[in-house]
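We did not get these values from a lab; they are worked out from the coordinates using the rules stated. Owing to the predicted nature of the structure, the values given are computational and were not obtained by experimental measurement. As a convention, Cβ positions derive from the backbone with ideal geometry for all residues, glycine included, and neighbour counts pool all protein chains shown.
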């Protein structure tokens, strides 16, 4: 095993993790992939050499479990795919293999939409007006209530009748109308901006289902990225979710300091952030240049079929299967 590089990918049951798995395989098939998830059998199991079930990141058993897996599997690099895991893995990175993420402090700020709004406001960086439910006094013409931490666009309520019924584990944001954008950018280990790409997109259940490479707002977005990099030490892949309003302004409403769910799409248009992560964090070399192209994508659903195999017998990529 020591003669073969091993990457551990977290959250392989989600679309982010599955994209990372596919891009890792495309980058180099010789890389051995260890997948972890809170469930043993997931949509990403068939892409991994070996799979482990782990606790949630905030469980006290999570880090000891990850240390054991990394030791037993000779893991060289960890690529986290969920927001909470970026926080806890970064916090304990000194006792783990290389973790491809920003610092724990930066990850904690971006995990929390209210803290992000506070920090961005203090530095004059554009961000959706945000308040806690307990302090909301009807100051927004239209509003949206969402979980304060993470959650991947789940549990969102548009213009609820009674904002006060929500605890302060939620936030209230001003609801902006326009085109939703997803912008990914990659910052090298030396701190330079390697590349950026934006999609205008449509979502269903919090996941991008249609998108198109969109350079219309790149000038504004590049300025916002430069401001973020000035005040926050970003490393690796990061993404901005924003709204391009009808009057042409770009208003970010969420930041994620991790590889995002469109990584499998944007790699097809030259923004290969999973490959750049492997370049830098696994092989310790400069990331390959970006060669961006134009295009669009529509997501479809496929099934992984295991003939004559029960769910309890699904193990890894070697379990007999086909995709339909």
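Brief remarks follow.
- The fraction of all Cα pairs in the stretch 57-140 landing in successive 10 Å bins from 0 to the largest distance is 16, 37, 23, 16, 6, 1, given as whole percents.
- Projected label distance in nm at residue 323 and residue 168, using a 7 Å step from Cα toward the beta-carbon: 4.6
- Ranked by the mean number of other Cβ atoms within 10 Å of their residues, highest first, the peptides 301-312, 271-282, 28-39, 85-96 fall in the order 271-282, 85-96, 28-39, 301-312.
- Max-minus-min Cα coordinates of the stretch 28-101 on each principal axis give 30, 23, 22 Å, with the largest extent listed first.
- Summary value for the stretch 129-174: 56 percent relative contact order, contacts being C-alpha pairs under 8 angstrom separated by 6+ residues.
- Our helix-only sum for the chain, with -39,500 (n - 2.57) per DSSP H run of n ≥ 4 divided by its residues, gives a mean residue ellipticity at 222 nm of -6500 deg cm²/dmol.
- Over 18 Å [Cα-Cα, the stretch 129-174], rounded percent: 14
- Of the Cα atoms belonging to the stretch 94-135, the radius of gyration and Dmax stand at 13.7, 42 Å.
- Between the beta carbons of residue 25 and residue 216, assuming R0 = 35 Å, the FRET efficiency works out to 0.60 to the nearest 0.05.
- Shape category assigned to the stretch 1-71 from the gyration tensor of Cα positions, a/c cut at 1.5: oblate
- Histogrammed with a bin width of 5 Å, the alpha carbon distances of the stretch 145-261 distribute as 2, 10, 20, 22, 19, 15, 8, 3, 1, 0 percent, first bin at zero.
- Here the gap between residue 247 and residue 155, fully extended at 0.36 nm per residue and compared with their Cα-Cα distance, gives a gain of 30.3 nm.
- Against the chain, whose longest principal axis comes from its Cα atoms, helix 218-231 is set at around 80 degrees.
- Efficiency of FRET from Cβ geometry, residue 231 and residue 53, R₀ 45 Å, rounded to 0.05: 0.70
- As a rough footprinting exposure proxy, the listed residues 77, 104 were ranked by other beta carbons within 10 Å of their own, and the order from fewest upward is 104, 77.
- Rg/Rg_ref, the chain, where Rg_ref = 2.2 N^0.38 Å and atoms are Cα: 1.00
- Extension gain (nm, one decimal) between residue 188 and residue 283, 0.36 nm per residue minus Cα-Cα: 32.8 nm
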